[in-house]
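Q: Let me begin by handing over the structure; questions about it come next.
The values are calculated or read from the model by the stated rules, or taken from the named source; none is laboratory data. Note that the coordinates shown come from a computational prediction; the quantities given were computed from them, not determined experimentally. A quick note on method: Cβ atoms are made from the backbone with ideal geometry, for glycine too, and the neighbour counts reach across all protein chains shown.
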Amino acid sequence: MVGARFRAGDGWLDVRKLSLGYALAAQQTGRVSFTVNSEVTGFVLRGGALKVVKTTNGSIETATAVIAAGPFSSIVGSYAGVNIPLSLVRRQKLVMPDVAEVPQNAPMTIDEETGSHWRPAMRGALALRTVPGVPPGPPLDDVPTSAQFAFDLLDPASPYSVARISPFWRNVWARGTDHWFLQAGQYAYSPDHRPLLGPTPVPGLYVNCGYSGHGIMTSGGASRLVVDIITGKLAPDGNPFRFDRPILYRELDIL
């Protein structure tokens, strides 16, 4: 090791707890209700404007709706004739609970040369890296995983091994008895790798998607921006992430 940087103010968030926290806080206002397991199947437009959202549990009359369907946002937008330009790329995560060597007070530790990183979780760790060159694909509920992803992170002989910067991982590999499993999802990349926020060409229909891998870090502030646009607190021209901004369309080069 010849150099390192540490930011004491950095940290990480639990995606599930954050989402449930937002939902609970909204519900406690008494003005919000939630319906789960209800798939959007279409929209009804009158005079070109949104009037009804159709779902598998019935229709909802409304003049305002937000498409925030992650990798499925383009499909939902197509129901209203709106083209949402997203490219979907698989990303994987290695989960290793109950690994004694992992210091649970450690920061998230990143190898800047390879992008491989790990952080404490579940008395063990989560380990990830961005694999370049993964081709875009269709939106999936069940995203496949590859064991090679785990071996590349764990095997000290791999150029992407987390042992390059945290030597205790060599002991974990040598022992070879720790349980691990993989999870996978899809990043939704916009053409310029910035979120798509605000009104679409269909009056009353808004978007909140295309976070390009930065959703957990920026979704709170970005969603507030969408709310402020809907309620009139922010003028559309004051939104740098507006849907109709001049986007530099280019071939995605995701590092």
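Q: May I ask you to list the residues in segment 63-120 that are under 19 Å from the mean Cα position of the chain (by Cα) and closer than 22 Å to Gly176 by Cα?
A: Listed by number, the residues that qualify are Gln92, Lys93, Leu94, Val95, Ser116, His117, Trp118, Arg119.
Q: Separate question: Among the candidates Leu182, Leu197, which residue alone is surrounded by 18 or more Cβ atoms within 10 Å (Cβ to Cβ), in a strand (DSSP E or B), under 25 Å from the mean Cα position of the chain (by Cα) and among the aliphatic types (A, V, I, L, M)?
A: Only one candidate passes the filter, namely Leu197.
Q: Provide a single number: the residues in segment 96-110 that are modelled with pLDDT of 95 or more and buried (at least 17 other Cβ atoms within 10 Å of the Cβ).
A: 3
Q: Oh, and also: Can you list residue pairs whose Cβ atoms sit under 8 Å apart, with the first residue in segment 51-64 being within 20 Å of Thr231 (Cα to Cα) and the second being polar (S, T, N, Q)? Count only pairs 6 or more apart in sequence or on different chains.
A: Hits for this filter: Lys51/Thr62; Val52/Ser59; Val52/Thr62; Val53/Ser59; Val53/Thr62.
Q: With respect to Phe43, is the statement that it is surrounded by fewer than 14 Cβ atoms within 10 Å (Cβ to Cβ) and either within 30 Å of Gly124 (Cα to Cα) or aromatic (Phe, Trp, Tyr) (or both) true? Walk me through how you get there before you give the answer.
A: Working: surrounded by fewer than 14 Cβ atoms within 10 Å (Cβ to Cβ): no; either within 30 Å of Gly124 (Cα to Cα) or aromatic (Phe, Trp, Tyr) (or both): yes.
No.
Q: Could you check Gly204 against (1) at pLDDT below 95; (2) buried (at least 18 other Cβ atoms within 10 Å of the Cβ) and say which number it fails?
A: Result: Gly204 passes all but (1).
Q: Which of the following residues is polar (S, T, N, Q) and within 30 Å of Gly204 (Cβ to Cβ): Asn83, Asn105? I'd like the intermediate steps shown before the answer.
A: Details: Asn105 fails: within 30 Å of Gly204 (Cβ to Cβ).
After applying the criteria, what remains is Asn83.
Q: Enumerate the pairs (first residue in segment 160-174 and free of Cβ contacts under 8 Å to residues at least 40 places away in the same chain; second residue anywhere and among the acidic types (Asp, Glu)) with beta-carbon separation below 8 Å, excluding pairs fewer than 6 apart on the same chain, so at least 6 apart or on different chains.
A: What qualifies is Trp173/Asp155.
Q: Please specify each residue of segment 1-21 satisfying the condition of being surrounded by 10 or more Cβ atoms within 10 Å (Cβ to Cβ) and touching a residue at least 24 places away in the same chain (Cβ under 8 Å).
A: Of segment 1-21, the ones surrounded by 10 or more Cβ atoms within 10 Å (Cβ to Cβ) are 12-15, 18-21.
Matches in segment 1-21: Trp12, Leu13, Val15, Leu18.
Q: (1) among the hydrophobic types (A, V, I, L, M, F, W, C); (2) modelled with pLDDT of 95 or more; (3) not in a helix (DSSP H, G or I): which one isn't true of Ile229, the others all being true?
A: Ile229 satisfies all of (1) among the hydrophobic types (A, V, I, L, M, F, W, C); (2) modelled with pLDDT of 95 or more; (3) not in a helix (DSSP H, G or I) except (3).
Q: Pairs please, first residue from segment 85-103 and farther than 17 Å from Gly115 by Cα, second anywhere and among the small types (Gly, Ala, Ser) and in a loop (DSSP other than H, G, I, E, B), Cβ atoms under 6 Å, 6+ apart in sequence or on different chains.
A: Leu86/Gly210
Q: For segment 113-133, which residues satisfy the criterion of being surrounded by fewer than 16 Cβ atoms within 10 Å (Cβ to Cβ) and either at negative phi or touching a helix residue (DSSP H, G or I) at 6+ places or on another chain (Cβ under 6 Å) (or both)?
A: Glu113, Pro132, listed by residue number.
Q: Looking only at segment 139-174, count how many residues are charged (D, E, K, R), at pLDDT 95 or above and over 18 Å from Ile110 (Cα atoms).
A: Final tally of qualifying residues: 1.
Q: What is the number of the single condition among (1) at pLDDT below 95; (2) not in a loop (DSSP other than H, G, I, E, B) that Glu251 does not meet?
A: Unmet condition: (2).
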